[in-house]
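Here the structure comes first, spelled out in structure tokens, and everything after it is commentary.
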């Protein structure tokens, strides 16, 4: 046998093995692993979680709603899409006993008048949480606000100021108008804000919004 032919026959299997090994390594390149890590860090907010939480808000079952709240993180309540309105931060236990607390407390500031919003939890719920039947009448959008009002700060911007950039996801229920005579100035919105904590979606914010002067 020709020595060159013999050499080729010996080297060919080795070259083939090296090629297969190279293709395998390339298919598992760190770039692909990085994409996988990003996907894990930025998962999609399941609609099932959204509707379960909204149903509990609508039915005033805050004892069950408290199970959506992280022990350490708690949950923020805001009367408007604005961190200037202050609002309140409640713990998981405070949400659990929400409707048993009948004391008047400061819930932030009325953006129109500048007056303090001092009311009971029940009064706040009626005026600045479930002020209308968002579950039935609201249009749901996820990570995209339907509010189109020049006087309203972007919800995404507000949440960035509150929680940092790209750390939370939100579901907004938006009702554009109730009576034609107001030409859409009676719109209402309610946003549920979630954060992925240890691969579990936790409710970290409930933000109400409505037309302001």
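The values are calculated or read from the model by the stated rules, or taken from the named source; none is laboratory data. Just so we're clear, the structure is a prediction, and the values are computed from it rather than from any experiment. Please note: Cβ atoms are built from the backbone with ideal geometry, for glycine as well, and neighbour counts cover all protein chains shown.
Looking only at the stretch 103-117, residues that are over 28 Å from the mean Cα position of the chain (by Cα) and surrounded by 11 or more Cβ atoms within 10 Å (Cβ to Cβ) come to 1 in all. When restricted to residues that are farther than 18 Å from residue 59 by Cα and assigned to a loop (DSSP other than H, G, I, E, B), the stretch 93-119 contains 9. Screening residue 134 against (1) in contact with a helix residue (DSSP H, G or I) (Cβ under 6 Å, 6 or more places away or on another chain); (2) modelled with pLDDT of 95 or more leaves a single unmet condition, (1).
Within the stretch 190-213, restricting attention to residues that are at pLDDT below 95 and surrounded by 17 or more Cβ atoms within 10 Å (Cβ to Cβ), the residue that is nearest to residue 48 (Cα to Cα) is 209.
Could we say that residue 77 is part of a helix (DSSP H, G or I), surrounded by 13 or more Cβ atoms within 10 Å (Cβ to Cβ) and at pLDDT 95 or above here? Outline the logic, then answer.
Numbers: part of a helix (DSSP H, G or I): no; surrounded by 13 or more Cβ atoms within 10 Å (Cβ to Cβ): yes; at pLDDT 95 or above: yes.
Spelling it out, it is not the case that residue 77 is part of a helix (DSSP H, G or I), surrounded by 13 or more Cβ atoms within 10 Å (Cβ to Cβ) and at pLDDT 95 or above.
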